[in-house]
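First up is the structure itself, then whatever we jot down about it.
The values are calculated or read from the model by the stated rules, or taken from the named source; none is laboratory data. Every value quoted in this text rests on a predicted model; they were computed, and no experiment measured them. With ideal geometry, Cβ positions are generated from the backbone for all residues, glycine too; neighbour counts draw on all protein chains shown. Just the protein is used for accessible areas: all its heavy atoms, side chains included, with ligands, DNA and RNA removed. Shrake-Rupley method; radii C 1.70, N 1.55, O 1.52, S 1.80 Å.
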Amino acid sequence: MSDPGDHDLTSALLSPPKEPTDERISIDDMLQRYTGEFGSWQFRHFVLTSLAWALEAFHTMVMIFADHEPAWRCTQGEAGSSCFDQSMRKDMCGLEPTSWEWVGGSGSSTVSEWGLICEHKYLVGLVQSTFFAGCMIGAGVFGHLSDSFLGRKGSLTVVCIINAISGCLTALAPSYWVYIALRFLTGFSTGGVGLCAFVLATEPVGPSKRGAAGMSTFYFFSTGISILAAIAYVFRSWRVLYVASSLPSILFLLMVIPFISESPRWYLIRRKVNQAMNVMRSIAQCNGKHLPDGVQLALDEDINDKTSNGFNNKESTTEAVTGSLFDVIRSPVTRMRLFLTVAISFMCSVVYYGLSLNVVNLKTNLYLSVILNAIAEMPAFTLSAILLDRFGRKPLAIGTMWFSGLFCLVGSLVGNNGIWRLVRMVCGIFGIFGMAATYNLLFIYIAELFPTVVRNAALGCATLTGQMGAILAPLVVVLGGGFPFAVFGVCGIAGGLLSFYLPETLNHPLYDTMAGIEDGANVWRGP
């Protein structure tokens, strides 16, 4: 007769193992608990995606070199002409056409080739404003498309294709008006590059690492400006420069895009759970982590509403969750956030682009000035990245905008002669230092203020209004004197004041749906 204890032991050994309990969690929870927040997969994906920022720098800042006014000199043999009185003149307006010539020939710039000087000088500003107008429209269009059927990766692919084609065609422009039309098209696609690349690069990053990662994207933009200055130094013809600055977009399409993954958050809001889980498994495997079989992704609204839209509701897992700016405006939680962020983005762009355009007015070596200006922004990115998770998004936004605004106000009060010229230049450097940090921070802040379903649409709206500020900036700069600094100072101080009314997002979850962020706002007592 067998011992009952042996029977119990045998039954326990032969009984089938318990099935793992199904667990539905958000992407942030999965990143923190199972796959890793910023491992080798996220690092590779982040670097490859952020290279697109360098492309944006190429297509945006090329105007500094292509549309600059070259040096001019009197024609030899015209010693009796009034041209030799140029020591008392600031330009060639009013001189006989045969009494002066462009240094380096007429093909070095659009200004020299098409005579955009004197009474036609405004046409240079019109080109720049038209480019930023294209950026403004493109940011809104691609912000919506990347949240809807096209996706983050699809939108980034489309804008790079348009950039490459329009950039190369610009080099063949036979007239000014064809040139300005092609610059508008380039701006239209460029407006979607940064926001698509930023969201795609940061969405697979865990919450504790997302801020520092987001702040690091702008290193690629500043590096792109520096590389562009070196390219422009080698290729002095504006037509050749446009080809040289557009070729990297083609290389990006062929050599980088195929190795970039679509965002798992976009897959999730489109109800493509299997694709989202495949990405998360790839992240876990590459990071040396293990993702249990029983763990599945779920939208925050499905997690929070287990009774009506619970885990077993098949309809909730097959229909895509969509959203638009109308949903943002309808919601009392996100409506005020949108109005505040677009106003702050507008003021930030006026200051940032206005101070950047002032580099041309320094009358120093153009190529060296642009490189130094780009390098000067990098310490701002580093400092803001260090302080971001220590003090939070809101205090840092207020502090950097006020820092920039105060130095701009000081610059407006000093003269532009003697030692005061140096003081004004230093004020401009510190002004752009502070505003570069704000400009970087705003992308992270806005991305965290809105849910996945409308994140790119909100970023696109803020970018759109920011481009309106960029359109206004050249008009402020041409007024000269201390007035531009006064405008920049007022914008910086006002932007900091508006930031007081935004909620803090440090250590808050990154929500996926409108319902999720509304529930979260009640918990965190947001506006």
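The single residue among GLY294, GLY310 that is open to solvent by less than 50 Å² (accessible area, probe 1.4 Å), touching an Asp or Glu at 6+ places or on another chain (Cβ under 6 Å) and at pLDDT below 85 turns out to be GLY294.
Of the listed requirements (1) closer than 18 Å to ALA52 by Cα; (2) open to solvent by less than 10 Å² (accessible area, probe 1.4 Å), GLU262 misses just one: (2). Among the residues of the stretch 205-236, those identified as open to solvent by 20 Å² or more (accessible area, probe 1.4 Å), within 20 Å of the chain's Cα centre (by Cα) and either closer than 19 Å to VAL193 by Cβ or without any contact (Cβ under 8 Å) to a residue 24 or more places away in the chain (or both) are SER216, TYR219, PHE220, THR223, SER226, ILE227.
Yes or no: ALA201 modelled with pLDDT of 90 or more, out of contact with any Cys (no Cβ under 7 Å at 6 or more places or on another chain) and part of a helix (DSSP H, G or I)? Steps first, please.
Working: modelled with pLDDT of 90 or more: yes; out of contact with any Cys (no Cβ under 7 Å at 6 or more places or on another chain): yes; part of a helix (DSSP H, G or I): yes.
Yes, satisfied.
Scanning the stretch 139-186 for residues that are closer than 23 Å to SER112 by Cα, assigned to a helix (DSSP H, G or I) and of a type in the set (Gly, Ala, Ser) returns SER166, GLY167, ALA181. Restricted to the stretch 127-153, and to residues there that are open to solvent by 10 Å² or more (accessible area, probe 1.4 Å) and among the β-branched types (Val, Ile, Thr), the residue that is farthest from PRO474 (Cα to Cα) is VAL141.
Matching residues to (1) open to solvent by less than 50 Å² (accessible area, probe 1.4 Å); (2) in contact with a Cys (Cβ under 7 Å, 6 or more places away or on another chain):
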| site | (1), (2) |
| --- | --- |
| GLY354 | yes, no |
| TYR367 | yes, no |
| ASN373 | yes, no |
| LEU383 | no, no |
| THR400 | yes, no |
| VAL426 | no, no |
| TYR439 | yes, yes |
| TYR445 | yes, no |
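Quick one: is GLU69 under 30 Å from the mean Cα position of the chain (by Cα), charged (D, E, K, R) and at pLDDT below 85? Answer is yes for this residue. With respect to (1) within 16 Å of GLY154 (Cα to Cα); (2) modelled with pLDDT of 90 or more; (3) open to solvent by 10 Å² or more (accessible area, probe 1.4 Å), the lone exception for LYS272 is condition (2). Restricting attention to the stretch 154-197, the residues that are buried (at least 24 other Cβ atoms within 10 Å of the Cβ) and out of contact with any helix residue (DSSP H, G or I) (no Cβ under 7 Å at 6 or more places or on another chain) total 0. Go through the residues of the stretch 480-493 one by one and say whether even a single one is within 15 Å of LEU340 (Cβ to Cβ) and either open to solvent by 20 Å² or more (accessible area, probe 1.4 Å) or touching a Gly at 6+ places or on another chain (Cβ under 9 Å) (or both). Yes, that holds for at least one residue.
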